[in-house]
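*Asks:* My questions will all concern the structure given below.
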Amino acid sequence: MRRIFTPICAALLLAALLSSVSSQRMITDNANSLREQRIAQAAESLRPQLIAQRRDFHMHPELSNREERTSRVVAERLRAIGLEDIKTGVGRYGVTALLKGTKPGPVVAVRADMDALPIQEVNDVPYKSLVPNVKHACGHDAHTTIELGVAEILSHMRDEIHGTIKFIFQPAEEGPPLGEEGGAPLMIKEGALENPRPSAIFGLHVMPVVEVGQIAYNSGPAMASSDHFIITIHGKKVHGAYPHDGIDAIVVAAECVTALQTIRSRRIDTTEPLVITIGSIQGGNRFNIIADEVKLEGTVRTLNEDVRKKAQSMMRETLDGITKAYGASYEMNYSEGAAVTYNEPSLVEETLPTIRRIVGEKNMVSPKPQMGAEDFSYFQRVVPGFYYFLGVGNRAKGITAQIHTPEFDLDEDSLVIGVKVMSNVLLDYLDHHAGSR
Ligand SMILES: [Zn+2]
Ligand SMILES: [Zn+2]
């Protein structure tokens, strides 16, 4: 049987369909905005607890791979909140836990880092670091506090959660001590992204140049890859008055320093950001002896993995050519650190409306990508991720110091905002992907 579809009945059908779609959307929107209001109220009522928690972490900072107390506090809190499958000792002091919703759906992860820096606190605040020469100068005290706040709020909403949230508390983001493994790569190696494996991961970092209330983000590359190299130039030692009898490693090194900069200026596409920095140069031991060895140490930063690979091979070509021309030789010990922090554009696209709803369009900022690095990028190599920046600065209150400085502090109003935004981001992600597991 074939139905006859006149334009009039088609129009009526479309109108009915549209009205049912729009009423459906209204119901969903209303439910979402009610849920959002409940999260906002819950986050507000957590304010004193969030501030107290952040101050406790701030007063007891621990260096990378030494986060014994912090991770104990985190695990105790997660047990008290009632999360499932709490694992400690993942990648040394890492902690993971699951929050299982009652509705079917995918798994999403959220990560906070927990370590502090070897910096002396100079701020005269009631929550001043109690540990000499150690300070939460990168805001990881806030990151950990916010993730605990999110866990607490969402633990009361299990009936509305489509799927599972995996909470990851990571040590050693700033890099493990020499000779130790640590940070995101070790957590991944020890299974933090398996059983269950999340289909996406979110994280945030405080940003003092962004005012409290604002969220900054990048789609695509957000932060640079960060590699470390040590070059040793070998020459031949001889009396300083007879250089022609030796091979002057200092002259060769000087040429290498200049030539390495031409990779940036003359060989890599000028629209691609690249930094080759030699931060340390050492060689020679007396004014009248030709040096037989010079060590150059530095870092390479890029926003593109292809440029990263090219830069490394061009460095070898350059060093090879110059040292050969002088009869010298070289070794380069090149170790790859964090990859490019790459925010999957489709994930950013679907998440932005949520963030916009919570903080408002005027509070969304999209700065240029940064040449600093972040080891969240290791997680993003395994699953798509979105790493955004939480505004914590407040010019009116004089909170402007950059991270990694002795003066760094943050506006604690950002804690509540961070909890609100991340809670909604996770729930909305699970809602959007509820059909896929
Ligand atoms: Zn840092
Ligand atoms: Zn940091």
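The values are calculated or read from the model by the stated rules, or taken from the named source; none is laboratory data. Keep in mind the model is a prediction, meaning the values are calculated, not measured. Every residue, glycine among them, receives a Cβ derived from its backbone with ideal geometry; neighbour counts consider all protein chains shown.
*Asks:* Considering the range 126-166 alone, what residues qualify as being of a type in the set (S, T, Y), over 16 Å from L46 (Cβ atoms) and away from ligand 1 (no atom under 16 Å from the Cβ)? Quick ask: steps written out before the conclusion?
*Replies:* Just the residues of the range 126-166 that are of a type in the set (S, T, Y), to begin with: 127, 129, 144-145, 155, 164.
In the following step, the residues that additionally are over 16 Å from L46 (Cβ atoms) were identified as 127, 129, 164.
Matches in the range 126-166: Y127, T164.
*Asks:* Before we move on, is T258 in the same structural domain as G284 (by TED's automatic domain parsing), among the polar types (S, T, N, Q) and touching a strand residue (DSSP E or B) at 6+ places or on another chain (Cβ under 9 Å)?
*Replies:* Details: in the same structural domain as G284 (by TED's automatic domain parsing): yes; among the polar types (S, T, N, Q): yes; touching a strand residue (DSSP E or B) at 6+ places or on another chain (Cβ under 9 Å): no.
No, not satisfied.
*Asks:* What's the number of the only condition in (1) within 16 Å of ligand 2 (Cβ to nearest atom); (2) crowded, with 21+ Cβ neighbours inside 10 Å; (3) modelled with pLDDT of 95 or more that F386 fails to meet?
*Replies:* (1)
*Asks:* For G182, state whether it is outside the structural domain of N65 (by TED's automatic domain parsing), surrounded by 22 or more Cβ atoms within 10 Å (Cβ to Cβ) and more than 27 Å from I417 (Cβ to Cβ). Show your work before the answer.
*Replies:* Working: outside the structural domain of N65 (by TED's automatic domain parsing): no; surrounded by 22 or more Cβ atoms within 10 Å (Cβ to Cβ): yes; more than 27 Å from I417 (Cβ to Cβ): yes.
No; evaluated as a whole, the condition is false for this residue.
*Asks:* Any idea how many residues of the range 256-301 are under 30 Å from the mean Cα position of the chain (by Cα) and free of Cβ contacts under 8 Å to residues at least 12 places away in the same chain?
*Replies:* Of the residues in the range 256-301, 3 are under 30 Å from the mean Cα position of the chain (by Cα) and free of Cβ contacts under 8 Å to residues at least 12 places away in the same chain.
*Asks:* On to the next question. Among the residues of the range 73-118, count how many are farther than 15 Å from G183 by Cβ and either among the aliphatic types (A, V, I, L, M) or in contact (Cβ under 8 Å) with a residue 12 or more places away in the chain (or both).
*Replies:* Within the range 73-118, residues that are farther than 15 Å from G183 by Cβ and either among the aliphatic types (A, V, I, L, M) or in contact (Cβ under 8 Å) with a residue 12 or more places away in the chain (or both) number 28.
*Asks:* Something else: Against the condition within 21 Å of I39 (Cβ to Cβ) and part of a loop (DSSP other than H, G, I, E, B), how does D431 come out, does it pass?
*Replies:* Details: within 21 Å of I39 (Cβ to Cβ): yes; part of a loop (DSSP other than H, G, I, E, B): no.
Considered against the rule, which asks whether it is within 21 Å of I39 (Cβ to Cβ) and part of a loop (DSSP other than H, G, I, E, B), D431 comes out as no.
*Asks:* Looking at S313, S329 in this structure, which one is among the polar types (S, T, N, Q), surrounded by fewer than 17 Cβ atoms within 10 Å (Cβ to Cβ) and out of contact with any helix residue (DSSP H, G or I) (no Cβ under 9 Å at 6 or more places or on another chain)? Quick ask: steps written out before the conclusion?
*Replies:* Working: S329 fails: out of contact with any helix residue (DSSP H, G or I) (no Cβ under 9 Å at 6 or more places or on another chain).
So the residue among S313, S329 that is among the polar types (S, T, N, Q), surrounded by fewer than 17 Cβ atoms within 10 Å (Cβ to Cβ) and out of contact with any helix residue (DSSP H, G or I) (no Cβ under 9 Å at 6 or more places or on another chain) is S313.
*Asks:* Inspect the range 316-328 for any residue being out of contact with any Leu (no Cβ under 9 Å at 6 or more places or on another chain), farther than 13 Å from F229 by Cβ and aromatic (F, W, Y) and give the result as yes or no.
*Replies:* Checked the range 316-328: at least one residue is out of contact with any Leu (no Cβ under 9 Å at 6 or more places or on another chain), farther than 13 Å from F229 by Cβ and aromatic (F, W, Y).
*Asks:* Being closer than 25 Å to D413 by Cβ, surrounded by 19 or more Cβ atoms within 10 Å (Cβ to Cβ) and among the β-branched types (V, I, T) is the filter here; which residues of the range 192-247 pass it?
*Replies:* Answer for the range 192-247, where residues must be closer than 25 Å to D413 by Cβ, surrounded by 19 or more Cβ atoms within 10 Å (Cβ to Cβ) and among the β-branched types (V, I, T): V206, V210, V212, I215.
*Asks:* While we're here: Exactly one of these conditions fails for P118: (1) within 16 Å of ligand 1 (Cβ to nearest atom); (2) crowded, with 20+ Cβ neighbours inside 10 Å. Give me its number.
*Replies:* Here P118 meets the rest and fails (2).
*Asks:* Would you check which residues across the range 367-383 are touching a Pro at 6+ places or on another chain (Cβ under 8 Å) and away from ligand 2 (no atom under 11 Å from the Cβ) and list them? Spell out how you get there, then give the answer.
*Replies:* At the first step, the residues of the range 367-383 found to be touching a Pro at 6+ places or on another chain (Cβ under 8 Å) are 369, 371, 375, 378, 383.
Residues satisfying the conditions are P369, M371, Y378, V383.
*Asks:* Next up: Considering only the range 400-407, I want to know if a residue exists there that is more than 16 Å from ligand 1 (Cβ to nearest atom) and in a strand (DSSP E or B).
*Replies:* Of the residues in the range 400-407, the ones more than 16 Å from ligand 1 (Cβ to nearest atom) are 400.
Narrowing the set further to residues that are in a strand (DSSP E or B) leaves none.
Checked against the condition, which is being more than 16 Å from ligand 1 (Cβ to nearest atom) and in a strand (DSSP E or B), the range 400-407 yields no hits at all.
Residues are listed down the side, and each one gets a yes or a no for (1) away from ligand 2 (no atom under 16 Å from the Cβ); (2) among the polar types (S, T, N, Q); (3) surrounded by fewer than 22 Cβ atoms within 10 Å (Cβ to Cβ):
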{"residue": "T102", "(1), (2), (3)": "yes, yes, yes"}
{"residue": "P106", "(1), (2), (3)": "yes, no, yes"}
{"residue": "L130", "(1), (2), (3)": "yes, no, yes"}
{"residue": "T144", "(1), (2), (3)": "no, yes, no"}
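*Asks:* Something else about it: Could you list, in sequence order, the residues of the range 150-184 that are within 29 Å of A339 (Cα to Cα) and away from ligand 2 (no atom under 16 Å from the Cβ)?
*Replies:* Matches in the range 150-184: V150, A151, T164, I165, K166, F167, P177, L178, G179, E180, E181.
*Asks:* Give the range 222-276 a look and list any residue that's in a loop (DSSP other than H, G, I, E, B) and over 30 Å from V348 (Cα atoms), or say none.
*Replies:* So the first thing to find is which residues in the range 222-276 are in a loop (DSSP other than H, G, I, E, B), and the list is 224, 235, 237, 240-242, 246, 248, 268-273.
Answer for the range 222-276, where residues must be in a loop (DSSP other than H, G, I, E, B) and over 30 Å from V348 (Cα atoms): G235, K237, G240, A241, Y242, G246, D248.
*Asks:* Counting only residues that are closer than 17 Å to A137 by Cβ and of a type in the set (A, V, I, L, M), which one in the range 364-399 is nearest to ligand 1 (Cβ to nearest atom)?
*Replies:* Only one residue fits best here, namely A373.
*Asks:* Still on this structure, I have one more. Quickly run through the range 77-88 and pick out the residues that are surrounded by 13 or more Cβ atoms within 10 Å (Cβ to Cβ) and either among the β-branched types (V, I, T) or in a helix (DSSP H, G or I) (or both).
*Replies:* R77, L78, I81, I86, T88
*Asks:* Still on this model: Mind listing whichever residues of the range 352-393 are among the polar types (S, T, N, Q) and within 17 Å of the chain's Cα centre (by Cα)? Quick ask: steps written out before the conclusion?
*Replies:* Our first condition is that a residue be among the polar types (S, T, N, Q); within the range 352-393, this holds for 354, 363, 366, 370, 377, 380.
Residues satisfying the conditions are S366, Q370, S377, Q380.
*Asks:* Can you tell me which residues in the range 168-221 are in a loop (DSSP other than H, G, I, E, B), under 22 Å from G105 (Cβ atoms) and within 16 Å of ligand 1 (Cβ to nearest atom)?
*Replies:* Across the range 168-221, there are no qualifying residues.
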